[in-house]
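Just below is one structure, and these are the notes that go with it.
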Amino acid sequence: MYKYLTLFFSVTLFLCGCKSDSVPSKFIQPQKMTGLLVQIHLIDGSLYNGLQGGDSLYKYGMGKYLDAFRKFDTDSAQFRKSMQYYASEPDKLFKIYDSVEVRIKTMSDSVNLAQNKQRATTQKADSLKADSVRKALLKPKTPAQKADSVKQAKIRERVMAHKADSLKADLAKQAKTKRAMNSKIDSAKKLKHRKKLNAVPN
C-alpha cells in the first residue's frame with residue numbers, strides 16, 4: 001500500500017511540474033512572446049525618442065504595433081490576455097524578460113559597433129584628405145606652375161590697380177559735382193542779394 005501511495009504522489013508531482021512549465025495554447029508561447037516584446041519595446045523607444053504628445057504617439061504608433069502583431073501572427077486581444085496570464089505566472093514572465101533584455105542588448109551592441117566603425121572610417125577619410133591637401137600645398141611647384149602663379153599675381157595686381165583708379169576717378173567726379181553745386185548755390189545767393197538791394201528805395 002505504501003508503495004502505491006508513493007507512486008501516486010510521485011506521478012502527481014510530475015504532472016504538476018509539467019503543467020507549471022507548459023503554457024496553454026490559447027496564449028502566446030514564450031519564444032514568440034519574447035520576439036514580440038522585443039519588437040514592441042523597439043517601437044516604444046523609436047516613438048518616444050522621435051515624437052511628443054499623446055495624439056502623435058497614438059496616430060503614428062498604432063500602425064507599427066499592428067504590424068508587429070501581424071508579424072507574429074497574433075492580435076492585440078490575444079497579446080493582452082497573454083500578458084495577463086504571464087503576470088499571474090511571474091517565473092515565466094521573468095524568464096521571458098530575461099531573454100528580451102539579452103536580445104535588446106545584443107542589438108544595441110551591434111548598432112553601436114556599426115556606428116563606431118562608420119565614425120572611424122569617416123575620420124580616416126577626413127584625415128587622408130587633409131594629408132593630401134597639405135602635401136599638395138607643400139609640394140615644390142614646377143616651372144610652369146610658378147609661371148602661372150606669377151601670371152595670376154600680375155592679373156590680380158592689375159585688377160586692384162584698375163579698381164583703385166576707378167575709385168579715384170569716382171571721388172574726383174564727386175568732388176567736381178560738389179564744387180559745381182556750391183558754385184550754383186553761391187550764384188543764386190548773390191543774385192537774391194542784388195535783387196533785395198535793388199528793391200530798396202533811394
Revision key, fill the gap. Two pseudo-spin positions, 7 Å from Cα along C-beta at Lys124 and at Val150, lie apart in nanometres by 4.5
Check your understanding: Listing Arg134, Arg103 from the residue with the fewest other Cβ atoms within 10 Å to the one with the most, what is the order?
Key -> Arg134, Arg103
Revision key, fill the gap. Karplus ³J(HN,Hα) for segment 87-98 (6.51 cos²θ - 1.76 cosθ + 1.60, θ = phi - 60°; Hz, whole; x = Gly/Pro) runs 5, 7, 10, x, 4, 5, 5, 5, 4, 4, 6, 4
Practice item. List, in the order given, every pair from Lys26/Lys95; Lys129/Lys163; Lys71/Lys95; Lys32/Lys105 whose Cα-Cα distance in the structure shown is over 27 Å. Key: Lys129/Lys163
Check your understanding: Is segment 21-117 rounded, prolate or oblate when judged by the Cα gyration tensor, a ≥ b ≥ c being the square roots of its eigenvalues, rounded requiring a/c under 1.5 and prolate requiring a/b larger than b/c?
Key -> oblate
Revision key, fill the gap. Computed for segment 21-117: size of charge dipole around the Cα centre, +1 on C-beta of each Lys and Arg, -1 on C-beta of each Asp and Glu, debye to nearest 20, value 220
Review point. Stretch Lys117-Gln84 to full length: gain in nm at 0.36 nm per residue minus the Cα-Cα span?
Key: 7.6 nm
Practice item. Quick one: order Met33, Met181, Met83 by neighbouring beta-carbon count within 10 Å, fewest to most. Key: Met181, Met83, Met33
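All of the numbers you see were taken from the coordinates with simple rules; none came from a lab. Remember, it's a predicted structure, so these values are computed and weren't measured experimentally. Positions of Cβ are generated from backbone atoms using ideal geometry, with glycine treated the same way; all protein chains shown enter the neighbour counts.
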